[in-house]
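Note sheet for the following structure.
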Amino acid sequence: MLHDLMTWRYATKTYDATRTIPADKLDAILEAIRLAPTSSGTQPFEVFVVTNPEVKKNLGLMGMNQAAVDNASHVLVFASWDTYTDARIDDVLAANEAARGPSEIASNYFTMLKGAYVPRDPKVNAEHAARQAYIALGFAMLAAAEQQVDATPMEGFNPAEADKTLDLAAKGLKSQVILALGYRGEGDWLEKAPKVRKPASALFHTVA
């Protein structure tokens, strides 16, 4: 059940460096990212799957995040577009037409999208793209739980260092969040700890 998966997972702090995620489980997690919804289906981000130990060390991680990443099986770096461009949106339209056939409705929609997005401040566009990456991050964590793979989302890193390590600027990308994947190690102090969440009464408000 979904509730059981949500209860089982937690932000793992200690990974077992001797265990590697099988390819089929990793593929299931990556497929969840690929299928995650995004605004207008643009998928304005790319994901770098890192296993190289030196690259892990150079991602600009801070504090205990570095130890977790060093021992994790895989590290995913979500890097979103630095802005929207005509060419990028045209690529989205081309993908739609390849999958669904030509459509005047789709063509008009993406023409409208270019008119709305491309002239905007690149900072506004970058922030919008980053939010789409976070949607995919949530799907990745849930898919990891379904595969019984531990996951730790991390913002505690220096994006400039990660961007440099992965040469993201040249690709028109900016690192946003890192997801460590692997298997919990012995002695992780959070493994047996109860979840701490707001009660439903404090979190949800019905507006009838």
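The values are calculated or read from the model by the stated rules, or taken from the named source; none is laboratory data. Here the structure is a predicted model, which means the values were calculated and not measured. So basically every Cβ, Gly included, is an ideal-geometry build from the backbone, and we count neighbours across all protein chains shown.
Residues checked against (1) under 22 Å from Leu166 (Cα atoms); (2) surrounded by fewer than 14 Cβ atoms within 10 Å (Cβ to Cβ); (3) touching a strand residue (DSSP E or B) at 6+ places or on another chain (Cβ under 7 Å):
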site	(1), (2), (3)
Leu2	no, yes, no
Ile33	yes, no, yes
Ala36	no, no, no
Val47	yes, no, yes
Leu59	yes, no, yes
Ala72	yes, no, yes
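Answer yes or no: is there a residue in segment 154-172 that is among the small types (Gly, Ala, Ser), buried (at least 16 other Cβ atoms within 10 Å of the Cβ) and under 12 Å from the mean Cα position of the chain (by Cα).
no
Could you check, for segment 21-37, whether at least one of its residues is in contact with a Gly (Cβ under 6 Å, 6 or more places away or on another chain) and in contact (Cβ under 8 Å) with a residue 12 or more places away in the chain?
Our first condition is that a residue be in contact with a Gly (Cβ under 6 Å, 6 or more places away or on another chain); within segment 21-37, this holds for none.
Looking through segment 21-37, none of the residues is in contact with a Gly (Cβ under 6 Å, 6 or more places away or on another chain) and in contact (Cβ under 8 Å) with a residue 12 or more places away in the chain.
State whether one or more residues within segment 162-178 are more than 14 Å from Ser40 (Cα to Cα) and in contact with a Gly (Cβ under 7 Å, 6 or more places away or on another chain).
So the first thing to find is which residues in segment 162-178 are more than 14 Å from Ser40 (Cα to Cα), and the list is 162-178.
Keeping just the survivors that are in contact with a Gly (Cβ under 7 Å, 6 or more places away or on another chain) gives 162.
Taking every residue of segment 162-178 in turn, at least one turns out to be more than 14 Å from Ser40 (Cα to Cα) and in contact with a Gly (Cβ under 7 Å, 6 or more places away or on another chain).
Scan segment 69-115 for residues that are under 30 Å from Asp16 (Cα atoms) and either modelled with pLDDT of 95 or more or not hydrophobic (A, V, I, L, M, F, W, C) (or both) and jot them down.
Quick first cut of segment 69-115, residues under 30 Å from Asp16 (Cα atoms) only: 69-80.
Residues satisfying the conditions are Asp70, Asn71, Ala72, Ser73, His74, Val75, Leu76, Val77, Phe78, Ala79, Ser80.
Answer yes or no as to whether Ala202 is modelled with pLDDT of 95 or more, of a type in the set (A, V, I, L, M) and either in contact with a Ser or Thr (Cβ under 8 Å, 6 or more places away or on another chain) or farther than 23 Å from Ile29 by Cα (or both).
Details: modelled with pLDDT of 95 or more: yes; of a type in the set (A, V, I, L, M): yes; either in contact with a Ser or Thr (Cβ under 8 Å, 6 or more places away or on another chain) or farther than 23 Å from Ile29 by Cα (or both): yes.
For Ala202, the condition - modelled with pLDDT of 95 or more, of a type in the set (A, V, I, L, M) and either in contact with a Ser or Thr (Cβ under 8 Å, 6 or more places away or on another chain) or farther than 23 Å from Ile29 by Cα (or both) - is met.
Only one residue in Leu173, Leu166, Leu142 is of a type in the set (A, V, I, L, M) and out of contact with any strand residue (DSSP E or B) (no Cβ under 7 Å at 6 or more places or on another chain), so which one is that?
Values: Leu173 fails: out of contact with any strand residue (DSSP E or B) (no Cβ under 7 Å at 6 or more places or on another chain); Leu166 fails: out of contact with any strand residue (DSSP E or B) (no Cβ under 7 Å at 6 or more places or on another chain).
Answer to the check: Leu142.
List the helices (runs of 4 or more DSSP H) inside segment 84-170, counting only whole elements, that have at least 1 residues being touching a Pro at 6+ places or on another chain (Cβ under 9 Å). Spell out how you get there, then give the answer.
Numbers: elements: 86-100, 104-117, 122-146, 159-165.
In segment 84-170, 86-100, 122-146 are the helices (runs of 4 or more DSSP H) which contain 1 or more residues that are touching a Pro at 6+ places or on another chain (Cβ under 9 Å).
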